[in-house]
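The values are calculated or read from the model by the stated rules, or taken from the named source; none is laboratory data. Only a predicted model underlies this, so the values are computations on that prediction, with no experimental measurement involved. Using ideal geometry, Cβ is built from the backbone for each residue, glycine included, and neighbour counts are taken over all protein chains shown. Each accessible area value is taken on the protein alone, full model and side chains, heavy atoms only, with ligands, DNA and RNA left out. Shrake-Rupley method; radii C 1.70, N 1.55, O 1.52, S 1.80 Å.
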Amino acid sequence: MQPAPDSLAFALNNAARALAVVRAGTALPAALTALFAEIEVPAARGAIQDIAYRTLRALGRADALLAALVRKPPTAPVANLLTCALALLSDEPDAAIYAPFTVVDQAVCAASVQPETHPMKGFVNAVLRNFLRSRATLLAQIMRNPVARWNHPRWWIDEVRAAWPTAWEGILSAGNTHAPLTLRVNQRRSTVAEYLDVLHTAQIPAVAAGPSAVRLLRALPVERVPGFMQGVVSVQDASAQRAAPLLEVRPGMRVLDACAAPGGKTGHLLELAEIDLVALEVDQARAMRIKQNLDRLQLVATVCIGSASSPEQWWDGQLFDRVLIDAPCSGSGIVRRHPDIRWLRRSTDLTALAREQQRMLAALWPLLKPGGELVYATCSIFPIEGEGQAQWFEGKQQDAVRLSAPGQILPSTALPDAGSNIEDRDGFFYARFRKQ
């Protein structure tokens, strides 16, 4: 008999299934989407998602604990269930969302209802109770392992430490936090001050977080965010909101937003001025998300399917006044939002991604008018995808003049009190060039 959909046992079982899919190489959002097709109860989906994300943020620690608690690795279904449970049990007490005895009881219940894990329900019980008995000792033991301490792969830790020798600990710690819900206020429809008044009336605590940014102090489902469905606000991190203003668009300009999905920067550009915008996306399914976002905002762009590296497939021959290249990258600056990224990436990916970024820069530069400007952006903290690319491009293109831009933005987290003025942001890189 399956546990009730609103039970922790049900959530643990399905979070373990999602973890198995991620370990096999699939991104967590895709893994959850496939799972949720079978699950009709919204509350159950929320619990599964929360546990899956918590587990991937704590995967280094949970895997190390399991290795220390067992002599022989259990089968994958048992290991994944135990990993999810250990991720919850090893949280700091003030961050725990379930009582320890509840996690153990429900993990055993979860094991008992699956054919692959039923014979090992006693083993699951023993492992988890053993952890609770030796919690402090075991945690102190595994924390000597950098992967367990920082919950990132060893190669990732080494890359961050080499790139940012005085800031690496803060960067890795920020990657293990829960990202805030930051909104971009549509300047055609409202202002930050006006929208904060709307939130105050709705008793939703929030603070200003930038020229168009508002950060909610307590996350909400987007359908409950005032004005979201009407296009008054969009979800977009404070760092990502810097892209559109950097292009300094003016009415009548022809603008290319390359690699545009899901359309956050596309919408922001259109909110700033009446422009002729081409939103380019190589993936047709992702391109549909651009259209959906624009429909919600009641804005219009030409959505084009094609590769930024191959303009001959889609370009109509008309030059652009502005080009935004939000290039595919490691995603190393947004791991707090996408904790699976760190476990899915390999160190060899960085070189391959850097080559693709260079191909895009070289392919799109000829599409820019003389006097036009190009902004190169990545949500990365690795210099090979940031300053290294900017310097390469500046050296390669003799007609490119580098302009002022934020450069490398490192991820940071705000203090938890409502009065904090520390910027809570993802990691990003920005460079800007004018064509002579």
Cα gyration tensor of the chain, axes a ≥ b ≥ c as square roots of the eigenvalues: rounded (a/c below 1.5), prolate (a/b > b/c) or oblate? prolate
C-alpha long axis of helix 8-23 to longest principal axis of the chain, angle in °: 60
Run the reach check for Lys121 against lysines, Cα to Cα strictly under 29 Å, same-chain hits fewer than 8 apart removed. What comes back? Lys72
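Starting from 0.36 nm per residue, how many nanometres of slack lie between Asp283 and Ala352 once their C-alpha separation is accounted for?
Additional length available on full extension: 22.9 nm.
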With Cβ to Cβ distances under 9 Å as the rule, what net charge do the other residues near Trp156 carry (K, R +1; D, E -1)? +1
Taking the Cα centroid of segment 25-104 and of segment 158-196, what is the distance between the two, rounded to the nearest whole Å? 25
What lysines does Lys396 reach when the alpha-carbon gap must be under 29 Å and sequence neighbours fewer than 8 apart in one chain are set aside? Lys265, Lys369, Lys435
Would you mind checking which residues have amide H under 5 Å from Leu277's amide H? H placed 1.01 Å from N; only 5 or more apart, or other chain. Val255, Thr302
How far, in degrees from 0 to 90, does helix 59-69 lean away from the longest principal axis of the Cα atoms of the chain, to the nearest 10? 20
Rounded to the nearest percent, how much of the accessible area of the chain (1.4 Å probe, protein heavy atoms only) is carbon and sulfur? 53
SASA check, Tyr98, accessible area w/ 1.4 Å probe, all protein chains in place, rounded to nearest 10 Å², comes out at 70
I need the shape label for segment 251-406. Rule: rounded when a/c is under 1.5, else prolate if a/b > b/c, else oblate, with a, b, c from the alpha carbon gyration tensor. oblate
Accessible area per residue of segment 1-142 at 1.4 Å probe, in Å²? 47
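What percent antiparallel are the DSSP beta bridges of the chain, to the nearest 5?
That works out to approximately 55 percent antiparallel.
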Placing unit charges on C-beta atoms (Lys and Arg positive, Asp and Glu negative, everything else neutral), compute the dipole magnitude of the chain about its Cα centre in debye, rounded to 20. 940
Relative contact order as a percentage, segment 277-436, C-alpha pairs under 8 Å and 6+ apart, gives 22
Label segment 229-311 by shape, choosing from rounded, prolate and oblate, from the square roots a ≥ b ≥ c of the eigenvalues of the Cα gyration tensor; if a/c is under 1.5 it is rounded, and otherwise prolate applies when a/b is larger than b/c, oblate when it is not. rounded
